[in-house]
Every structure is written in C-alpha cells, then in structure tokens.
Amino acid sequence: MKVYYDDEVDALYLKLGDGSPDGAIEISEGINLDTTSEDKIVGIEILNASKKMDLKTILTYKLEIKKDLITQKSA
C-alpha cells in the first residue's frame, strides 16, 4: 500500500495495489473507492481529508493480521 497526500487540494489517496482503476464508487461525500472491471478495490480517495480524519494517522499504523489468513494450507 502506498499513501499520497496533496496538501494543495487536501486530498489523500491510498493505493492498494498495482491494478489500474476502471471506475469509482462514491461511498460517502468525498470518499471514493477506485475499482477495476473485476470489482477489485485498487485505491481509496478522500477529498477534504484534513476535515475527515487526523492526518497524523497516515504516518503511523499498526498492522494486525490473523495467522490463518497468511498461512497457506497444502493438500
């Protein structure tokens, strides 16, 4: 994941993968999910970001993953 912030327009973009978006779904005013033609989410755009979240949080994060999600079972 890559995080981009443009302070001139107060927009935050979370790039979730290498795919190119084919469309966008607005889930709330100024919050859009970029999707592929296969309905995979490849990005999240947040307009007026400083009004919607504490921007300091984009510099720190905690990642919690359930072990069974990353462990492959062999047949």
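Hey, what do the phi angles of the stretch 22-37 turn into as Karplus ³J(HN,Hα) couplings, whole Hz, using 6.51/-1.76/1.60 and θ = phi - 60°, x for Gly and Pro?
In residue order, the calculated couplings are 9, x, 9, 10, 7, 9, 6, 4, x, 10, 10, 9, 8, 10, 8, 5 Hz.
Check Val42: other-chain or 5+ apart residues with amide H under 5 Å from its amide H, H built from backbone geometry?
Residues meeting the criterion, in which the H sits 1.01 Å from N, are Asp34, Thr35, Thr36.
Quick one: 3J(HN,Hα) in Hz for the stretch 3-12, Karplus 6.51/-1.76/1.60 with θ = phi - 60°, rounded, Gly and Pro as x.
Per residue, the Karplus-derived 3J(HN,Hα) values read 10, 10, 10, 10, 6, 5, 10, 6, 10, 10 Hz.
Sorted by mean Cβ packing within 10 Å, highest first, what order do the peptides 32-43, 16-27 take?
Ranking the peptides 32-43, 16-27 by packing returns 32-43, 16-27.
About its Cα centre, what dipole magnitude does the stretch 2-70 give when the only charges are +1 on Lys and Arg Cβ and -1 on Asp and Glu Cβ, stated in debye to the nearest 20?
460 debye
For Ser50 and Tyr4, what does the FRET efficiency come to when R0 = 22 Å and r is the distance between their Cβ atoms, rounded to the nearest 0.05?
0.95
Please work out which option in (i) 0.97; (ii) 1.06; (iii) 1.29 gives Rg/Rh (Cα atoms, Kirkwood Rh) calculated from these coordinates, and answer with its label.
It is the value labelled (ii).
With a cut-off of 8 Å between alpha carbons and a minimum separation of six or more residues, what is the relative contact order of the chain in percent?
In percent, rounded to a whole number, it is 24.
Can you give the extra length, in nm with one decimal, that the chain gains between Glu64 and Asp39 once fully stretched, where that is 0.36 nm per residue apart less the Cα-Cα distance?
6.5 nm
Based solely on its DSSP helices, what 222 nm [θ] is calculated for the chain when runs of n ≥ 4 H residues each add -39,500 (n - 2.57) and the sum is averaged over all residues, nearest 500 deg cm²/dmol?
-1500 deg cm²/dmol
Each value in this text was obtained by applying a stated rule to the coordinates, not by laboratory testing. Keep in mind that this is a model prediction, so the values were computed, not measured. Note: ideal-geometry Cβ built from the backbone for every residue, glycine included; neighbour counts use all protein chains shown.
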